[in-house]
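These notes concern the structure reproduced below.
The values are calculated or read from the model by the stated rules, or taken from the named source; none is laboratory data. Note that the structure is predicted; figures quoted are calculated from it, not measured. A quick note on method: Cβ atoms are made from the backbone with ideal geometry, for glycine too, and the neighbour counts reach across all protein chains shown. In case anyone asks, the SASA skips ligands and DNA or RNA and just uses the protein heavy atoms, side chains included. Shrake-Rupley method; radii C 1.70, N 1.55, O 1.52, S 1.80 Å.
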Amino acid sequence: MDIKNWLRPFEKLPRREATLIALGWAIFLFFYWWLMTRGEKNLFPPPEKVWQGLQALYQEGLVVHIGSSLWLCLQATLISVVFSLLLTYLSPIPLLRPLAKGLSRLRYLPLTGITFYLAILVHDARSMQVWVLVVFMSLYFITSLLGVLSDIPEDEINHARALGCSRWEVLLEVVIKGRLDYVIDVLRQNLAITWMMLVTVESILVAAGGLGVLIKNSDKFMNHGRIMALQLVILFVGLGIDVLLNYARKTLFRYSTI
Amino acid sequence: MAFTLQDTIILSVENLSVKYGDKTIIENINMEERDVVRTGHVQGQSIAILGRSGRGKSTLFRSLCGLEKPSTGFVRIPDFKNKKEDEPYQFKEVHEGDMGFVNQHYTLFRHKTVEQAMLFAMRKQDGTKQEKLAHIHDLLKKWGLYAVRHQYPNELSGGQRQRTAILEQVVGASKYYILDEPFSGLDVGNIERMKETFRLINAEDELNTIIFSTHDIELAIELADSVYVVGYLALPDGSYSEAATIIKHFDLKSGGVAWQDKLSQAHLDIVEEVKQAMMGS
């Protein structure tokens, strides 16, 4: 192990050394956090307060709330994925192309106005939560998927055509089957945005619970230990989903080199 | 070498031109190739298209295999599928799927293994999956790809990828193979393998026709029996035409230099002539 290599630009380090560096930073960060929260006035709550907050949250049913948030996310994701994929896969058809492109442009529209119309159409709060997320997620999902489609090299389409594929076969083989791994990757990126939206959306309906509700309640009582604990929980659950989806992509699609 | 030219025209290109917007890329391309019968051999045709970079070779290739709609003219080939017994071939305009096309990057379906790609290429042919697989396995062994039959394109070497891309067209039952720069980026071993691939295709069927481009003129003269040079035509006022066309054709069969095992002085003379033609275009 040559420490000098750690400071040399573009140096490729062995996996063990890279892990050691990451671990060192984590320990440093934790120590810095602990050190900076020793005094009377602190920007962040000290680690022990966060730990206490986490314990209290666990006793109040943190796991159930995580489940509720995940379930909300899953419902919204499934509807959004089906809707977005359908529109994107139909976008190579000239007549239907404006639909996907138009919806993609709507991502610049503020969400505030949309919730008003959704409230007229949807009557129960849980559905409202789901549909706000669906609208939000779909606009970004369609945008990313359209990007995937436009990045397909002309060579791949010509290759399928030279093999006698009809245009529908080209769509199926090159676009749909040939880019399934990209869908998972796009889902991964967009889920991160949705996960961030969770707190806002869950505050629509307090009775349904969820991490957003917990963080809102903790904020109301200025319980910073709990807020920070919840933020860490949201961060780690989000990272967990990310790792899981990335693992699924690599396992299911051996050819995927994204 | 004894050979006869048959009446069967295997490729007819007449007044072909391709325009992108206002820009004409190729114009007035005319080619005619006939079936060659060589005594004691099954002999397909090998046609080389040579020319400097940016002279529209790839556009010509895409038009030949029906991927590009010509602005004028047409490409015709015999209608093999609808031939009636004891009747000469009827001609048809070429459509996408009539000619196999392998581009410079050896593009394959990224989500199909070698075996799956072959099966897909045979999807329109009669026979059970087992029969098709048996045929595919035979070919994969012959082409040195059997060991990698369950691998995806990203797991293949450059040479393996290239052979897979060509074999995919072979099993697709096309008689025409358009290979855009099949020798680029290959090491000496893979170049030899590629030359062997040419021989395999040519020896497989009398009507098999390879149309290829390369920047290696010697190699083209060694492998082809007909060579077309594409370039800008020199005009009387010293300028050049704005679109590329065929500026010279060498029939190596008539010249007695086709299908030789080794390069002779006659080959090298043609190489020199091709170079001169290319430099002046």
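Highest GNM mean-square fluctuation, chain B, Cα pairs closer than 10 Å: which of B:Y106, B:Y152, B:Y228?
Taking springs between Cα atoms under 10 Å, the residue moving most is B:Y152.
Sequence-distant or interchain residues sharing an amide H contact under 5 Å with A:L13, placed H: which?
Those lying under 5 Å, H to H, from A:L13: there are none.
What's the longest uninterrupted piece of chain B once you rule out the trypsin sites (Lys or Arg not before Pro) that are loop residues per DSSP with at most 16 other Cβ within 10 Å?
So the longest stretch without any such site is B:125-261.
Give the shape of segment B:81-137 as rounded, prolate or oblate, defined through the alpha-carbon gyration tensor: a ≥ b ≥ c are the square roots of its eigenvalues, a/c under 1.5 means rounded, and otherwise the shape is prolate if a/b is larger than b/c and oblate if not.
Cα axes put segment B:81-137 in the oblate bin.
Can you give me the accessible area per residue for chain A, using a 1.4 Å probe, in Å²?
60 Å²
Over chain B, with a Gaussian network built from C-alpha contacts below 10 Å, which listed residue (B:D187, B:D205, B:D126) shows the highest mean-square fluctuation?
B:D126
Write down the accessible area per residue of chain B in Å², having rolled a 1.4 Å probe over the full set of protein chains.
Heavy-atom accessible area per residue stands at 46 Å².
Using a 1.4 angstrom probe and counting only protein chains, how large is the accessible area of A:H65 in Å², to 10?
Accessible area of A:H65: about 40 Å².
From the P(r) of segment B:114-257, can you give the percent of Cα pairs sitting at distances over 19 Å?
60 percent
Work out which residues of segment B:141-162 lose at minimum 20 square angstrom of accessible surface when the other protein chains are put back, relative to the chain isolated, with a 1.4 angstrom probe, and list them by number.
Correct list: B:Y152, B:N154, B:E155.
Mind grabbing the interface size between B and A? I mean buried accessible area, both sides, 1.4 Å probe, in Å² to the nearest hundred.
Between B and A, the summed buried area is about 2200 Å².
With the cut-off at 1.5 for a/c, could you classify segment B:133-178 from its C-alpha gyration tensor as rounded, prolate or oblate?
oblate
Which whole-percent values make up P(r) of segment A:112-184 when all C-alpha to C-alpha distances are grouped in 5 Å steps starting at zero?
Here the calculated profile for segment A:112-184 is 3, 14, 19, 14, 10, 9, 10, 9, 7, 4, 1.
Going by a ≥ b ≥ c, the root eigenvalues of the Cα gyration tensor, does chain B fall in the rounded group (a/c under 1.5), the prolate group (a/b larger than b/c) or the oblate group?
In terms of gyration-tensor shape, rounded.
Considering the convex hull of the alpha carbon atoms of segment B:47-187, report its projected area averaged over all viewing directions, in nm², one decimal.
10.6 nm²
Using Cα pairs under 8 angstrom and six or more residues apart, how large is the relative contact order of chain A, in percent?
Computed over chain A, the figure is 25 percent.
Within segment A:1-131, what whole-number % of the accessible surface is contributed by carbon and sulfur, with the 1.4 Å probe and all protein chains included in the calculation?
Its accessible area is 71 percent carbon and sulfur atoms.
Provide the per-residue ³J(HN,Hα) series for segment B:56-65, in order, calculated from phi with Karplus coefficients 6.51, -1.76, 1.60 and θ = phi - 60°, each as a whole number of Hz, with x at glycine and proline positions.
Coupling constants for segment B:56-65: x, 5, 5, 5, 4, 4, 5, 5, 4, 9 Hz.
In segment B:102-227, what percent of the accessible surface is made up of carbon and sulfur (1.4 Å probe, ligands and nucleic acids excluded)?
Summing carbon and sulfur atoms, their accessible area is 48 percent of the total for segment B:102-227.
Chain A: longest stretch without exposed chymotrypsin sites (Phe, Trp or Tyr not before Pro) (DSSP loop, at most 14 other Cβ within 10 Å), sites themselves excluded?
The answer is A:11-220.
Please state, as a whole number in µm²/s, the translational diffusion coefficient that the Stokes-Einstein equation yields for the protein assembly as shown at 25 °C and 0.890 mPa s, with Rh defined as the Kirkwood radius across alpha carbon pairs.
Estimated via Stokes-Einstein, D reaches 86 µm²/s.
Only Lys, Arg, Asp and Glu count, each charged at its Cβ (+1, +1, -1, -1), so figure out the dipole size of segment A:1-62 about its Cα centre, rounded to 20 debye.
Value, rounded to 20: 260 debye.
Short version: ³J(HN,Hα) in whole Hz for each residue of segment B:40-55, in order, from phi by Karplus 6.51 cos²θ - 1.76 cosθ + 1.60 (θ = phi - 60°), x for Gly and Pro, what are they?
Karplus values, whole Hz, x for Gly and Pro: x, 9, 8, 10, x, 10, 10, 10, 9, 10, 10, x, 6, 4, x, 9.
Express the Stokes-Einstein translational diffusion coefficient of chain A in µm² s⁻¹, to the nearest whole number, given a Kirkwood radius over alpha-carbon pairs, 10 °C and a viscosity of 1.306 mPa s.
73 µm²/s
At a 1.4 Å probe, which residues in segment B:61-83 are at least 50 Å² less accessible with all protein chains present than in their chain isolated?
Relative to the lone chain, where solvent access is computed with a 1.4 Å probe, segment B:61-83 loses at least 50 Å² at B:L67.
Could you tell me what fraction of 2.2 N^0.38 Å the Cα radius of gyration of segment A:73-205 comes to, as a two-decimal ratio?
My calculation over the Cα atoms of segment A:73-205 gives 1.18.
Using only the heavy atoms of the protein chains and a 1.4 Å probe, how would A:M196, B:M31 rank by accessible area, largest first?
Per-residue accessible area, sorted high to low, gives A:M196, B:M31.
Which of B:D98, B:D79, B:D237 moves the most in a Gaussian network model of chain B with Cα springs under 10 Å?
B:D237
Taking Cα pairs under 8 Å and at least six residues apart, what relative contact order does segment B:23-123 come out at, in percent?
The normalised contact order for segment B:23-123 reaches 19 percent.
Please state, to two decimals, what the Cα-based radius of gyration of segment A:79-141 comes to when divided by 2.2 N^0.38 Å (N = residues).
1.19
Using a 10 Å cut-off on Cβ to Cβ distances, tally the other chain neighbours for every residue of A:149-157 and report the average as a whole number.
Across A:149-157, the average partner-chain Cβ count within 10 Å equals 2.
Do any residues of segment A:160-178 show a loss of at least 50 square angstrom of accessible area between the isolated chain and the full protein assembly, using a 1.4 Å probe, and if so which?
By number: A:R161, A:A162, A:L163, A:E173.
Could you go through segment A:240-250 in sequence order and give the Karplus-derived ³J(HN,Hα) for each residue, using 6.51 cos²θ - 1.76 cosθ + 1.60 with θ = phi - 60°, rounded to whole Hz, and x for Gly and Pro?
x, 4, 4, 4, 4, 5, 5, 5, 4, 4, 5
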